[in-house]
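Working notes, beginning with the structure itself.
The values are calculated or read from the model by the stated rules, or taken from the named source; none is laboratory data. Values in this document were obtained by computation on a predicted structure and should not be read as measured data. Don't worry about glycine lacking a Cβ; one is built from the backbone with ideal geometry, like all the others, and counts go over all protein chains shown.
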Amino acid sequence: MYGIQASEFGSEDVLAYTELAAPQPRAGQARVRMHAAGVNPADTYIRSGTYEFFRPDLPYTPGFDGAGVVDQVGAGVDTVKPGDRVFVAALGTPGCTGTYAELAVADAAAVRPLPSSLSFAQGAAIGVPCVTAWRALFQRARLQPGETVFIHGASGGVGLHATQLAHAAGAVVIGSASTPAGADLVRTAGAAHVLDHGSAGYLDELTRITDGRGPSVIIEMAAHLNLERDLTVLATAGRVVIVGSRGSLDFTPRLAMVKEATILGLALWNATPAETADALTGVAARLHEGSLVPVVGNTLPLREAAAAHRQVLEHGTRGKLVLIPNDAGLDRPPPHVLLTGTGQLMLLPKGEFHGRPRHNRRVATQRAGSHHPGPADAPSQLHARQSDRRQAVPLRPDPLRRRGPGGDRQARR
């Protein structure tokens with residue numbers, strides 16, 4: 001099989017696409033033929049060799065998230081079987097061989113059934129983003145129905161899924177994004193209000209929306225930039241959960257005193273087995289009921305893992321970045337048509353959102369002479385609300401070419 005291997009720590013240039021020995025599942029493990037692998041910022045920190053939570057033995061294959069089809073199981077595994085469509089969410093589990101490969105082995109507890117309504121690319125977007133969002137909202141902040149939550153940086157992988165989960169839990173969700181496209185995604189994911197965090201004074205709008213009370217919960221993606229400002233708008237006795245931080249800041253502790261604020265850190269590596277199992281069970285339930293729909297931001301061939309590690313840290317990233325193993329193919333399933341609440345058929349415009357909760361949407365697949373049962377893998381569908389009355393737009397060509405005459409995939413257009 002082929003996959004990505006790092007033989008030393010360093011920049012993304014240490015990631016080599018090479019032939020690897022196929023891993024074999026031991027007792028309690030499952031082997032998955034990967035159709036998609038998710039890329040997380042933590043993957044880049046681990047690759048650098050400076051990540052405080054995890055330093056793998058060299059050489060190693062990166063990746064904890066992915067989706068595919070089970071092809072072997074070890075002794076004692078009865079939760080999945082060969083042929084099952086599954087997603088892998090293996091961060092923090094000791095048995096994962098790395099999902100940046102055509103085959104990956106993981107502990108069976110980290111391998112869960114993938115709903116038939118979801119694509120493999122969507123399956124690869126579940127692990128770290130969705131489990132992080134679940135832990136932040138429900139295990140750390142203890143979010144309650146009716147509370148107001150501000151998701152500060154809601155258009156990224158964690159933020160979009162946190163928006164959906166909080167909305168499904170009955171919270172009032174306010175999100176922020178830096179671009180109109182990102183704002184559309186956040187609004188579609190369930191946010192009642194979306195702020196432009198690139199504009200001056202945007203937090204004043206948060207105060208106005210909440211009638212001066214402020215949000216009870218803030219989920220913070222960039223604490224090194226925002227933590228002090230968060231405390232100026234937080235409700236009294238509110239909670240701030242720090243999901244991300246890439247630097248230091250000058251901080252005024254008195255702000256926490258004035259608000260009697262609780263500041264909570266979060267790291268998936270610290271989750272107990274019971275907390276991880278609870279989060280995965282909760283996420284899986286929302287996936288199956290349709291109130292959580294994984295969001296894919298971009299896809300790249302597996303051999304371009306180095307480029308993916310550069311992209312995942314770029315400002316304004318929306319949704320989950322996904323790698324596609326070469327033998328899984330990059331051809332797109334057929335484009336989708338949305339049947340809105342007004343009865344109109346409309347092609348989903350180019351965007352990043354793969355689907356909407358099933359209780360709000362019906363999606364039909366349309367291609368001459370064929371039918372595909374699941375959502376498209378292409379990161380090119382922003383679903384409109386039922387109230388939208390936009391006209392249908394013509395079908396777009398596939399954004400990636402098929403194999404060239406020499407067998408190698410041609411460059412992206």
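A few comments on the model shown:
- Among the residues listed as 60, 100, the single one being over 20 Å from the mean Cα position of the chain (by Cα) and either within 18 Å of residue 291 (Cα to Cα) or of a type in the set (Ser, Thr, Tyr) (or both): 60
- Cβ-Cβ under 6 Å pairs, at least 6 apart or on other chains, the stretch 64-83 side more than 25 Å from residue 295 (Cα to Cα), far side assigned to a strand (DSSP E or B): 71/31; 71/33; 72/31; 73/30; 74/29; 77/30; 82/70; 82/71
- Neighbours by Cβ (under 8 Å, 6+ apart or cross-chain): first from the stretch 255-284, touching a residue at least 60 places away in the same chain (Cβ under 8 Å); second basic (Lys, Arg) and not in a helix (DSSP H, G or I): 264/239; 280/112; 284/112
- Subset of the stretch 113-154 that is buried (at least 23 other Cβ atoms within 10 Å of the Cβ), hydroxyl-bearing (Ser, Thr, Tyr) and out of contact with any helix residue (DSSP H, G or I) (no Cβ under 8 Å at 6 or more places or on another chain) - its residue that is farthest from residue 86 (Cα to Cα): 148
- Some residue of the stretch 246-262 being within 27 Å of residue 53 (Cα to Cα), in contact with a helix residue (DSSP H, G or I) (Cβ under 9 Å, 6 or more places away or on another chain), modelled with pLDDT of 95 or more and surrounded by fewer than 17 Cβ atoms within 10 Å (Cβ to Cβ): yes
- When the criteria are applied in full, residue 163 fails the requirement of being in a loop (DSSP other than H, G, I, E, B), touching a strand residue (DSSP E or B) at 6+ places or on another chain (Cβ under 6 Å) and modelled with pLDDT of 95 or more.
- The sole residue among 95, 76 that is in a loop (DSSP other than H, G, I, E, B), crowded, with 17+ Cβ neighbours inside 10 Å and not polar (S, T, N, Q) is 95.
- Residue 244 being touching a residue at least 12 places away in the same chain (Cβ under 8 Å), within 17 Å of the chain's Cα centre (by Cα), assigned by the TED database to the domain that holds residue 152 and not in a helix (DSSP H, G or I): yes
- When residue 212 is tested against (1) touching a strand residue (DSSP E or B) at 6+ places or on another chain (Cβ under 7 Å); (2) closer than 20 Å to residue 193 by Cα; (3) not hydroxyl-bearing (Ser, Thr, Tyr), just one condition goes unmet, and that condition is (1).
- Enumeration of residues in the stretch 94-135 that are over 17 Å from residue 41 (Cα atoms), in contact with a Gly (Cβ under 7 Å, 6 or more places away or on another chain) and not charged (D, E, K, R): 101, 104, 105, 106, 108, 114, 116, 117, 118, 119, 120, 134
- Condition met for residue 208 (among the basic types (Lys, Arg), assigned to a helix (DSSP H, G or I) and in the same structural domain as residue 178 (by the TED database)): yes
- Within the stretch 307-317, considering residues that are surrounded by 18 or more Cβ atoms within 10 Å (Cβ to Cβ) and modelled with pLDDT of 95 or more, the one farthest from residue 246 (Cα to Cα): 308
- Among the residues of this structure, residue 208 counts as one that is free of Cβ contacts under 8 Å to residues at least 60 places away in the same chain, out of contact with any helix residue (DSSP H, G or I) (no Cβ under 9 Å at 6 or more places or on another chain), more than 21 Å from residue 39 (Cα to Cα) and basic (Lys, Arg).
- For the stretch 218-226, the condition holds for at least one residue, the condition being that it is surrounded by 19 or more Cβ atoms within 10 Å (Cβ to Cβ), of a type in the set (S, T, N, Q) and part of a helix (DSSP H, G or I).
- Subset of the stretch 263-315 that is touching a His at 6+ places or on another chain (Cβ under 9 Å) and not aliphatic (A, V, I, L, M) - its residue that is nearest to residue 88 (Cα to Cα): 294
- Inspection of the stretch 190-210 identifies no residue that is within 22 Å of residue 126 (Cα to Cα), touching a Phe, Trp or Tyr at 6+ places or on another chain (Cβ under 9 Å), surrounded by fewer than 24 Cβ atoms within 10 Å (Cβ to Cβ) and modelled with pLDDT of 95 or more.
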